[in-house]
1. Open to solvent by 60 Å² or more (accessible area, probe 1.4 Å) and either assigned by the TED database to the domain that holds Glu212 or of a type outside the set (Phe, Trp, Tyr) (or both): is that true of Leu95 in this structure?
2. Name the pairs whose Cβ atoms lie under 9 Å apart, with the first residue in the stretch 79-91 and assigned by the TED database to the domain that holds His26, the second of a type in the set (Phe, Trp, Tyr), and 6 or more positions between them or separate chains?
3. Of the residues Val46, Val67, only one is out of contact with any Lys or Arg (no Cβ under 9 Å at 6 or more places or on another chain), open to solvent by 100 Å² or more (accessible area, probe 1.4 Å) and farther than 30 Å from Glu137 by Cα; which?
4. Among the residues of the stretch 148-157, is any over 29 Å from Glu18 (Cβ atoms) and touching a residue at least 24 places away in the same chain (Cβ under 8 Å)?
5. What are the residue pairs meeting all of these: first residue in the stretch 129-144, first residue closer than 10 Å to Tyr193 by Cα and in a strand (DSSP E or B), second residue of a type outside the set (Gly, Ala, Ser) and open to solvent by 70 Å² or more (accessible area, probe 1.4 Å), Cβ atoms under 9 Å, and 6 or more apart or on different chains?
6. What are the pairs, 6+ residues apart or on separate chains, where a residue within the stretch 189-209 that is assigned to a strand (DSSP E or B) has its Cβ under 9 Å from a residue that is charged (D, E, K, R)?
7. Take the stretch 70-92 and flag every residue that is surrounded by 10 or more Cβ atoms within 10 Å (Cβ to Cβ) and of a type in the set (Val, Ile, Thr).
8. When you scan the stretch 116-124, do you find a residue that is of a type in the set (Gly, Ala, Ser), over 17 Å from the mean Cα position of the chain (by Cα) and in a loop (DSSP other than H, G, I, E, B), even just one?
Amino acid sequence: MAYPSQLGFQDAASPLMEELLHFHDHALMIIFLISTFVLYIIVAMVTTKLTNSFILDSQEIEIIWTVLPAVILILIALPSLRILYLMDEINDPHLTIKAVGHQWYWSYEYTDYEDLEFDSYMIPTQDLTPGQFRLLEADHRMVIPVESPIRVLVTAEDVLHSWAVPSLGVKMDAVPGRLNQVAFVASRPGVFYGQCSEICGANHSFMPIVVEAVPLSHFENWSSLMLKDA
């Protein structure tokens, strides 16, 4: 959960998000070093009155400032490609959930269970209980078991939406008439919040996503209760 004045990302709740955080730190350090070096060169060129013909015209320097950026780009591209392939990998999911975006709420279908589906609406501010977050709480949470590969099939019924949970490293567009899929593993129990990340209409900011990761035994009890209530 993000908090006011937070400068970094939310704490990772999945192995994929941990990889994204490591890549972010890796790229940020490279950017920081380049920015510091460029700033030093600018200050040196402005403050000094000395010139050197070997600096103004040098084949070796031209080779260096051509090869060095290429090496830096390779150092950024290789881990980036690795994470892209990891994000597309779907390894025998234990549970498949279909998330459908509507104007303006989400509905979830647990296709591995018989007739288990429900709508998830934002809880109005006047109905919130102490400890709940305004504009982020939903009346029905998407409950998943921890440490289990989860596949989410994302689509929309009317306009473009986007199913995103930052702490899980998940963001997938919901396109009408198209079925996109995304996979993740919740590495620890907890409640993780997200929102529709597509400008989908007047109530775009009132489509919260709440994912609750629980132990497998609790998930089975929850699914049994949901089936009885249905």
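1. Taking the combined requirement at face value, the residue does not satisfy it.
2. These pairs meet every condition: Pro79/Phe23; Ser80/Phe23; Arg82/Phe23; Ile83/Phe23.
3. Numbers: Val67 fails: open to solvent by 100 Å² or more (accessible area, probe 1.4 Å).
Being out of contact with any Lys or Arg (no Cβ under 9 Å at 6 or more places or on another chain), open to solvent by 100 Å² or more (accessible area, probe 1.4 Å) and farther than 30 Å from Glu137 by Cα holds for just one of Val46, Val67, which is Val46.
4. Yes: the stretch 148-157 contains one or more residues that are over 29 Å from Glu18 (Cβ atoms) and touching a residue at least 24 places away in the same chain (Cβ under 8 Å).
5. Between residues of the stretch 129-144 that are closer than 10 Å to Tyr193 by Cα and in a strand (DSSP E or B) and residues that are of a type outside the set (Gly, Ala, Ser) and open to solvent by 70 Å² or more (accessible area, probe 1.4 Å), the close pairs are Ala138/Tyr121.
6. Note: pairs meeting the criteria are Gly190/Glu212; Val191/Arg141; Val191/Glu212; Phe192/Glu212; Tyr193/Glu137; Gly194/Lys171; Pro208/Glu137.
7. Ile72, Ile76, Ile83, Ile90, listed by residue number.
8. No: the stretch 116-124 contains no residue that is of a type in the set (Gly, Ala, Ser), over 17 Å from the mean Cα position of the chain (by Cα) and in a loop (DSSP other than H, G, I, E, B).
The values are calculated or read from the model by the stated rules, or taken from the named source; none is laboratory data. These figures come from a predicted structure and were not determined experimentally. With ideal geometry, Cβ positions are generated from the backbone for all residues, glycine too; neighbour counts draw on all protein chains shown. Each accessible area value is taken on the protein alone, full model and side chains, heavy atoms only, with ligands, DNA and RNA left out. Shrake-Rupley method; radii C 1.70, N 1.55, O 1.52, S 1.80 Å.
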